[in-house]
Amino acid sequence: MTAADPVAPQTAATTHDDPADGILGRRHRALTLGIISVVSLIAFEASAVNTAMPVAARALDGIGLYALAFSAFFTASLFAMTLSGEWCDRSGPLVPLFTGIAAFGTGLVIAGSAQSMWMFVAGRGVQGTGGGLVIVALYVVVGRAYPERLRASVMASFSAAWVVPVIVGPLVAGSVTEGIGWRWVFLAIPVLVLLPLAVMLPALRALPPGPPAGTPDRRRILLALAVAVGAGLLQYAGQDLTPWALLPAAAGLALLVPCVLRLLPRGTFRARRGLPSVVLLRGIAQGSFVAAESFIPLMLVTERGMSATLAGFSLTGGGLTWALGSYTQSRRRAEPYRERLMSLGMGLVALAIALMAAVLVHGVPVWVAGASWVLGGYGMGLTISSGAVLLLKLSRPGEEGTNAASLQTSDALGSILLVGLAGVLFVSCGGGSAAAAETASAAPPHAFAAVFAAAAAFALVGAYVATRLTPRDAAGRGVTSVPPSGDPGA
């Protein structure tokens with residue numbers, strides 16, 4: 001049995017070339033524009049925060065907590081993603097989506113008004129809660145509202161929605177940071193929440209109903225809460241690096257490991273073929289890319305003397321080529337080669353991170369940083385969007401929320417663990433010392449080199465996992481069917 005199309009009865013008589021039935025046709029235009037508005041908001045926030053973060057961390061005397069300010073977002077989103085998946089499967093995506101947008105804006109206000117680095121980290125956590133609710137709800141919207149043949153194009157529109165924000169975001173955020181202060185980068189963004197609210201509501205109310213609602217799986221929600229708490233304890237221990245830090249580290253591992261094994265599809269960490277490998281790859285891809293990207297602006301500011309504006313702008317090319325890579329995977333002729341494209345994508349990410357490490361050598365032109373991120377962004381576009389398409393293809397009706405939550409949980413967990421590892425390496429190599437917090441050039445280059453080396457190594461692991469995404473039948477042939485019963489990842 002192939003994965004059912006939740007709107008197939010409405011579109012079976014429509015040809016694939018009917019412009020009225022495309023993602024911007026009459027049937028789907030309002031919903032597509034609403035989705036693009038929401039993703040654009042998240043994209044603008046991400047590009048703006050990357051630009052302002054080095055200045056904010058130094059202003060709050062929090063260089064030692066620099067990595068935690070990024071990973072706190074993903075830690076909070078871990079719990080919110082699973083909650084959103086259960087919420088969406090039981091009552092539809094409308095309420096979790098709008099609740100998430102509100103929480104996202106609230107977190108920005110907290111971060112922008114923070115008087116200490118720990119308050120700033122707390123604001124990032126509230127943002128993560130909102131982001132986790134939003135992203136899973138959007139996946140459910142795509143699974144329920146669009147036929148399977150349009151989903152790759154919708155995922156490509158997710159990436160296209162980043163194009164303008166990654167161009168405008170660093171320039172605006174850098175100008176605001178250097179002109180009137182980093183706080184306004186955070187405090188001004190919540191105004192943009194109003195546009196997605198206005199655009200999305202009518203389209204969401206017209207969504208086709210999902211399967212009959214059941215009882216939320218409280219076990220999965222509790223597991224997600226335990227994973228988030230465990231990840232938080234590990235991050236706290238990673239920032240301390242004293243013998244006493246072993247206690248929260250041990251408690252974090254005791255919570256994290258058994259709960260993650262139960263929360264994600266069986267066989268995920270063995271790279272079992274099909275859905276488990278799709279989920280694993282997304283975590284590796286997201287984690288390796290974000291771990292490197294989080295330290296790039298700081299590296300360019302402290303090691304190469306760039307302004308916050310130019311450092312943030314160096315990441316712009318990656319956002320543009322991410323959209324191009326996503327468009328590449330959305331083409332119909334690319335479908336038979338999806339697994340190879342994803343493996344190529346991870347190879348490009350590994351190469352990009354390795355080239356970024358070369359920028360630490362002052363004889364290497366600084367433009368290499370931007371050029372390398374062009375390669376990495378294209379690789380991520382090939383990989384991330386394809387993973388979402390495969391997930392929806394392997395999901396049965398009524399399980400889109402749960403499986404999307406697993407995918408996003410893997411994204412967040414990969415980001416938490418690898419950004420956390422990057423933070424540990426950075427601090428242990430002297431990058432988070434008191435001297436580094438006081439001067440712009442005290443962080444030793446080898447602290448950044450350790451971060452980039454670890455991220456590149458994990459990206460290479462992802463290139464291998466990308467060869468195991470297609471399920472096989474008894475004869476060893478690739479299949480795209482969903483098991484008739486039981487855990488699709490079992």
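Numbers below:
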{"quantity": "Some residue of the range 340-353 being under 30 Å from Trp87 (Cβ atoms) and either part of a loop (DSSP other than H, G, I, E, B) or open to solvent by less than 20 Å² (accessible area, probe 1.4 Å) (or both)", "calculated": "yes"}
{"quantity": "Count of the range 429-451 residues which are modelled with pLDDT of 80 or more, out of contact with any Cys (no Cβ under 7 Å at 6 or more places or on another chain) and surrounded by fewer than 22 Cβ atoms within 10 Å (Cβ to Cβ)", "calculated": "3"}
{"quantity": "Subset of the range 323-339 that is over 18 Å from Leu469 (Cα atoms), of a type in the set (D, E, K, R) and assigned to a helix (DSSP H, G or I) - its residue that is least open to solvent (accessible area, probe 1.4 Å)", "calculated": "Arg332"}
{"quantity": "Top-ranked residue in the range 308-339 [being among the polar types (S, T, N, Q) and modelled with pLDDT of 85 or more; ranked as nearest to Leu390 (Cα to Cα)]", "calculated": "Thr328"}
{"quantity": "Residues satisfying the stated conditions in the range 150-165, i.e. closer than 21 Å to Ser314 by Cα and open to solvent by less than 20 Å² (accessible area, probe 1.4 Å)", "calculated": "Ser159, Ala161, Pro165"}
{"quantity": "Any hit, the range 239-251, residues being open to solvent by less than 70 Å² (accessible area, probe 1.4 Å), of a type outside the set (Val, Ile, Thr) and touching a Gly at 6+ places or on another chain (Cβ under 6 Å)", "calculated": "no"}
{"quantity": "Any pair with Cβ under 9 angstrom, 6 or more apart, that starts in the range 178-204 at a residue that is over 14 Å from Ser40 (Cα atoms) and at pLDDT 80 or above and ends at one that is among the aliphatic types (A, V, I, L, M) and outside any helix (DSSP H, G or I)", "calculated": "Arg183/Ala114; Phe186/Ala114"}
{"quantity": "Among residues of the range 36-72, those that are among the charged types (D, E, K, R) and open to solvent by less than 20 Å² (accessible area, probe 1.4 Å), counted", "calculated": "1"}
{"quantity": "Filter result for the condition that a residue is touching a helix residue (DSSP H, G or I) at 6+ places or on another chain (Cβ under 7 Å), within 30 Å of Gly92 (Cβ to Cβ), small (Gly, Ala, Ser) and modelled with pLDDT of 80 or more, over Ser386, Ser372", "calculated": "Ser386"}
{"quantity": "Test result for Ser372, without any contact (Cβ under 8 Å) to a residue 40 or more places away in the chain, crowded, with 24+ Cβ neighbours inside 10 Å and either within 16 Å of Gly462 (Cβ to Cβ) or out of contact with any Asp or Glu (no Cβ under 9 Å at 6 or more places or on another chain) (or both)", "calculated": "yes"}
{"quantity": "Of residues in the range 306-341 being free of Cβ contacts under 8 Å to residues at least 40 places away in the same chain and of a type outside the set (D, E, K, R), the one farthest from Gly274 (Cα to Cα)", "calculated": "Ala334"}
{"quantity": "Looking only at the range 252-266, and only at residues there that are more than 22 Å from the chain's Cα centre (by Cα) and closer than 11 Å to Val229 by Cα, the one that is most open to solvent (accessible area, probe 1.4 Å)", "calculated": "Leu253"}
{"quantity": "Close pairs from the range 251-278: first in contact (Cβ under 8 Å) with a residue 24 or more places away in the chain and over 22 Å from Leu341 (Cβ atoms), partner among the β-branched types (Val, Ile, Thr) and buried (at least 22 other Cβ atoms within 10 Å of the Cβ), Cβ under 6 Å, at least 6 apart", "calculated": "Leu256/Val227; Cys259/Val227; Val260/Val227; Leu264/Val279; Pro265/Val279"}
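To keep it simple, each residue is scored yes or no on (1) modelled with pLDDT under 85; (2) in contact with a Phe, Trp or Tyr (Cβ under 7 Å, 6 or more places away or on another chain); (3) not in a loop (DSSP other than H, G, I, E, B).
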| residue | (1), (2), (3) |
| --- | --- |
| Ala245 | yes, no, yes |
| Pro248 | yes, yes, yes |
| Gly252 | yes, no, yes |
| Arg282 | no, no, yes |
| Ala285 | no, no, yes |
| Glu293 | no, no, yes |
| Met306 | yes, no, no |
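The values are calculated or read from the model by the stated rules, or taken from the named source; none is laboratory data. Note that this is a predicted model, so its numbers are computed, not measured. Methodologically, a virtual Cβ is constructed for each residue, glycine included, from the backbone with ideal geometry; neighbour enumeration extends over all protein chains shown. Side chains included, ligands, DNA and RNA excluded: accessible areas come from the protein's heavy atoms. Shrake-Rupley method; radii C 1.70, N 1.55, O 1.52, S 1.80 Å.
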